Amino acid sequence: MALTRAAIESIAQLARLELNEAEIPVYQDSLSRILDFVGELDRAATNDVTPMAHPLAGLSQRLRADVVTEADAHARYQENAPQVAAGLYLVPKVIE
Amino acid sequence: MSLYKKSLAELATGLREREFSSVELTQHYLSRIDAHAGRLNAFISVAHTAALASAHAADQELAAGRGRALTGVPFAHKDIFCTAGLRTTCGSRMLDNFVSPYDATVVAKLKDAGTVLLGKTNMDEFAMGSSNETSYYGAVKNPWNTKLVPGGSSGGSAAAVAARLVPAATATDTGGSIRQPAALCGVTGLKPTYGRVSRYGMIAFASSLDQGGVIAGSAEDAALMLAVMAGFDPRDSTSVDTPVPDYPALLGKSVAGLRVGIVKEFFDAGLDAQNQRRIEESLALYTKLGATLKEVSLPNLPLSVPTYYVVAPAECSSNLARFDGVRFGHRCKEPRDLQDLYRRSRGEGFGAEVKRRIMIGTYVLSAGYYDAYYLKAQKVRQLIAKDFRDAFAQVDMLMGPTTPTPAFAIGAKMDDPITMYLNDIYTIGANLAGLPAISIPCGFVGELPVGLQLVGPHFSEGAILNAAHAYQRETDWHRRIPQGCA
């Protein structure tokens with residue numbers, strides 16, 4: 001399968017990735033080849049097979065009670081933030 | 001005898017018997033790290049001051065007679081485990097400035113055990129790679145030949161242990177990232193059962209496959225580390241609540257009567273002839289020790305790499321959505337609007353291979369393609385897991401090569417992702433089925449080490465460690481030290 005330039009641009013937009021001009025043909029080529037490669041899966045007969053939901057048979061994701069277990073530590077977490085003011089994360093204006 | 005030549009088990013005993021102090025041992029290893037840092041590039045961060053402070057504290061415990069199994073033992077973390085106060089980069093520009101506000105559970109457990117953290121090891125960016133060439137901090141070099149790759153993604157951990165810069169290091173394995181670099185560097189790498197070791201604070205790549213483990217000099221040393229790292233963690237919803245055996249105490253049993261399955265599909269056309277010879281010699285040794293060999297077939301195993309390259313990118317595209325330039329991590333300069341902030345922060349922060357996998361994952365999960373790719377792969381994954389179950393109905397564990405070839409040249413496979421992905425052809429099956437597996441050094445091809453892989457049923461870490469230990473009592477491959485590191 002050969003992915004078009006437009007297809008790569010659309011995937012990149014879905015994934016919110018800015019690509020430069022040089023990257024687009026490289027990903028066109030490698031993603032096309034990888035999709036051909038994973039196309040091998042069509043060889044397997046899977047009509048009556050249940051998709052695997054968990055690597056350990058019979059186990060599923062554990063749930064916990066919906067109660068607060070963490071103390072408020074937003075100041076500590078925001079030490080890693082690119083831009084904060086008054087305890088809020090700053091981003092460019094969303095609504096004009 | 002120089003301290004770095006001792007095993008972790010010997011070092012722990014020496015510390016408890018006060019033959020040397022933790023401060024002496026820590027200084028010894030820090031000077032080795034400094035001496036080899038430029039040559040191997042195995043570390044992203046080295047914690048000189050904090051390490052010596054931990055060593056002082058450990059010496060006080062030891063002096064008071066309160067030394068435990070690992071008190072005062074130096075080691076390193078793969079830079080994927082969050083360490084409060086010491087930056088955690090995951091090998092990415094995205095997290096170049098990230099200092100975690102909390103410790104991963106594995107980090108906390110090893111800290112509580114009195115160990116001494118020397119630093120954080122280099123790795124493929126977000127653990128996506130099989131050669132350690134995708135790291136933002138540059139390629140790690142193989143200590144056996146610095147023109148070659150150490151394997152990946154835990155290449156820094158494997159190279160550091162091989163060069164005796166640390167006696168052990170943590171690592172993670174999503175498709176072979178513990179076992180493959182362990183094989184290429186001539187060290188022992190254990191990937192535990194999915195859910196055995198907590199993933200809380202271990203930066204996520206593919207959540208249904210990721211598992212933390214250890215790279216060490218021997219199975220005995222790996223058992224000592226696993227005994228501390230393993231266990232239920234309520235903070236990880238995939239952690240399994242089952243008791244942790246005393247792994248070191250399970251070693252030393254005879255392997256007479258052990259039923260070993262030889263996986264037919266592991267001995268395919270891609271296996272290097274000399275690699276194969278080393279594997280056959282190792283199997284012959286197991287026979288001599290009383291094990292019986294039986295050929296088994298896992299007919300769907302050849303589909304494990306294509307299955308993985310749907311499931312893992314799909315999960316990574318979701319997990320890496322959190323890196324948006326807003327709350328932490330890289331932010332682009334002067335964003336025009338929110339879309340531009342997301343797109344440029346991610347475009348600049350992620351390297352080429354990470355972007356490739358995010359895009360594959362985005363594609364296979366997108367409307368109209370989900371059934372054809374993701375659902376199909378999860379069904380084939382079920383078939384592969386069933387092949388393993390059927391095999392374990394006949395034998396106790398499986399053995400075969402860890403990798404098709406010994407280490408390859410830096411740069412040799414970077415332009416061809418599929419060739420690179422096929423490095424993990426023998427390791428990915430265990431991840432898809434959630435099984436524990438270990439790679440141990442089993443000889444050389446020329447100057448380069450070869451790895452033998454042992455795969456067991458769920459939660460059989462004790463049995464595969466014992467079988468590996470039985471082999472290491474009869475051989476000295478795991479004691480060989482690369483030239484230039486002795």
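The values are calculated or read from the model by the stated rules, or taken from the named source; none is laboratory data. Everything numeric in this text was worked out from a predicted model, so none of it was measured. Counting neighbours? That spans all protein chains shown, and the Cβs are built from the backbone with ideal geometry, glycine included.
When B:Val310 is tested against the conditions (1) at the interface with chain A (Cβ under 7 Å from one of its Cβ atoms); (2) of a type in the set (A, V, I, L, M); (3) surrounded by fewer than 21 Cβ atoms within 10 Å (Cβ to Cβ), the lone failure is (3). It is to be established whether one or more residues within the stretch B:462-477 are buried (at least 23 other Cβ atoms within 10 Å of the Cβ) and assigned to a loop (DSSP other than H, G, I, E, B). No, because not a single residue in the stretch B:462-477 is buried (at least 23 other Cβ atoms within 10 Å of the Cβ) and assigned to a loop (DSSP other than H, G, I, E, B). Residues that are touching an Asp or Glu at 6+ places or on another chain (Cβ under 7 Å), within 28 Å of B:Tyr421 (Cβ to Cβ) and more than 14 Å from chain A (Cβ to nearest Cβ) do not occur anywhere in the stretch B:267-277. B:Arg322 meets the conditions (1) more than 9 Å from every other protein chain (Cβ to nearest Cβ); (2) closer than 16 Å to A:Val91 by Cβ; (3) surrounded by 20 or more Cβ atoms within 10 Å (Cβ to Cβ) in every case but one. The failed one is (3). Residues in the stretch A:79-88 that are more than 10 Å from chain B (Cβ to nearest Cβ) and small (Gly, Ala, Ser) were compared, and the one that is farthest from the chain's Cα centre (by Cα) is A:Ala86. Considering the conditions (1) assigned to a loop (DSSP other than H, G, I, E, B); (2) under 22 Å from the mean Cα position of the chain (by Cα); (3) at the interface with chain B (Cβ under 7 Å from one of its Cβ atoms); (4) within 30 Å of B:Leu383 (Cβ to Cβ), A:Val91 is excluded by exactly one of them, (4).
The rows are residues; the columns are (1) outside any helix (DSSP H, G or I); (2) under 19 Å from B:Gly152 (Cα atoms).
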residue	(1), (2)
B:Val395	yes, no
B:Pro406	yes, yes
B:Gly411	yes, yes
B:Met420	no, yes
B:Tyr426	yes, yes
B:Ala430	no, yes
B:Val450	yes, yes
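Of the residues contained in the stretch B:198-206, one or more are found to be touching a Cys at 6+ places or on another chain (Cβ under 6 Å) and either away from chain A (no Cβ under 14 Å) or charged (D, E, K, R) (or both). For the stretch B:1-17, taking the residues that are farther than 18 Å from B:Ala162 by Cα and touching a Leu at 6+ places or on another chain (Cβ under 7 Å), the one that is surrounded by the fewest Cβ atoms within 10 Å (Cβ to Cβ) is identified as B:Arg16.
Looking across the stretch B:54-88, the residues that are more than 20 Å from B:Ala104 (Cα to Cα) and part of a helix (DSSP H, G or I) come down to B:Ala55, B:His56, B:Ala57, B:Ala58, B:Asp59, B:Gln60, B:Glu61, B:Leu62, B:Ala63. Selection over the stretch B:331-352 of residues that are of a type outside the set (D, E, K, R), facing chain A (nearest Cβ under 8 Å) and within 27 Å of the chain's Cα centre (by Cα) gives a count of 2. Of all residues in the stretch B:241-259, those being modelled with pLDDT under 95 and not in a loop (DSSP other than H, G, I, E, B) number 0.
Close contacts from the stretch B:229-243, counting a first residue that is on the phi > 0 side of the Ramachandran plot and a second that is surrounded by 15 or more Cβ atoms within 10 Å (Cβ to Cβ) and of a type in the set (D, E, K, R), with Cβ to Cβ under 9 Å and a gap of 6+ residues or different chains, come to B:Gly231/B:Lys109; B:Gly231/B:Arg196.
Residues that are at the interface with another protein chain (Cβ under 7 Å from one of its Cβ atoms) and touching a residue at least 24 places away in the same chain (Cβ under 8 Å) within the stretch B:374-396 comprise B:Lys376, B:Ala377, B:Gln378, B:Val380, B:Arg381, B:Leu383, B:Ala385, listed in sequence order.
Scanning the stretch A:36-49 for residues that are more than 23 Å from the chain's Cα centre (by Cα) and either facing chain B (nearest Cβ under 7 Å) or on the phi > 0 side of the Ramachandran plot (or both) gives A:Glu40, A:Ala44, A:Thr46, A:Val49. Filtering A:Arg16, A:Arg76, A:Arg33 for residues that are exposed (fewer than 13 other Cβ atoms within 10 Å of the Cβ) and within 7 Å of chain B (Cβ to nearest Cβ) leaves a single hit, A:Arg76.
Across the stretch A:50-73, the qualifying residues are those that are more than 8 Å from chain B (Cβ to nearest Cβ) and modelled with pLDDT under 85, and the one among them that is surrounded by the most Cβ atoms within 10 Å (Cβ to Cβ) is A:Ser60.
Looking across the stretch B:356-372, the residues that are facing chain A (nearest Cβ under 7 Å) and crowded, with 21+ Cβ neighbours inside 10 Å come down to B:Arg356, B:Ile358, B:Met359, B:Ile360, B:Thr362, B:Tyr363. Can you pull out every residue in the stretch B:28-51 that is outside any helix (DSSP H, G or I), more than 18 Å from B:Ala486 (Cβ to Cβ) and not hydroxyl-bearing (Ser, Thr, Tyr)? Those that are outside any helix (DSSP H, G or I), more than 18 Å from B:Ala486 (Cβ to Cβ) and not hydroxyl-bearing (Ser, Thr, Tyr): B:Asn41, B:Phe43, B:Ile44, B:Val46, B:Ala47. Is it the case, given these coordinates, that B:Thr238 is assigned to a loop (DSSP other than H, G, I, E, B), crowded, with 21+ Cβ neighbours inside 10 Å and β-branched (Val, Ile, Thr)? For B:Thr238, the condition - assigned to a loop (DSSP other than H, G, I, E, B), crowded, with 21+ Cβ neighbours inside 10 Å and β-branched (Val, Ile, Thr) - is met. Criterion applied to B:Ala377, B:Ala407 was being more than 21 Å from B:Tyr136 (Cβ to Cβ) and touching a strand residue (DSSP E or B) at 6+ places or on another chain (Cβ under 6 Å), and the one residue passing it is B:Ala407. Condition check: in a helix (DSSP H, G or I), touching a His at 6+ places or on another chain (Cβ under 8 Å) and surrounded by 21 or more Cβ atoms within 10 Å (Cβ to Cβ). Does B:Leu25 satisfy that? Criteria not met by B:Leu25. The requirement of being in contact (Cβ under 8 Å) with a residue 12 or more places away in the chain, farther than 18 Å from B:Thr13 by Cα and in a loop (DSSP other than H, G, I, E, B) is fulfilled nowhere in the stretch B:111-118; no residue meets it.
Quick grid of which residues meet (1) farther than 23 Å from B:Thr134 by Cα; (2) of a type in the set (Lys, Arg); (3) surrounded by 20 or more Cβ atoms within 10 Å (Cβ to Cβ):
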residue	(1), (2), (3)
B:Ala412	no, no, no
B:Asp415	no, no, no
B:Ile428	no, no, yes
B:Pro436	yes, no, yes
B:Pro441	yes, no, yes
B:Val445	yes, no, no
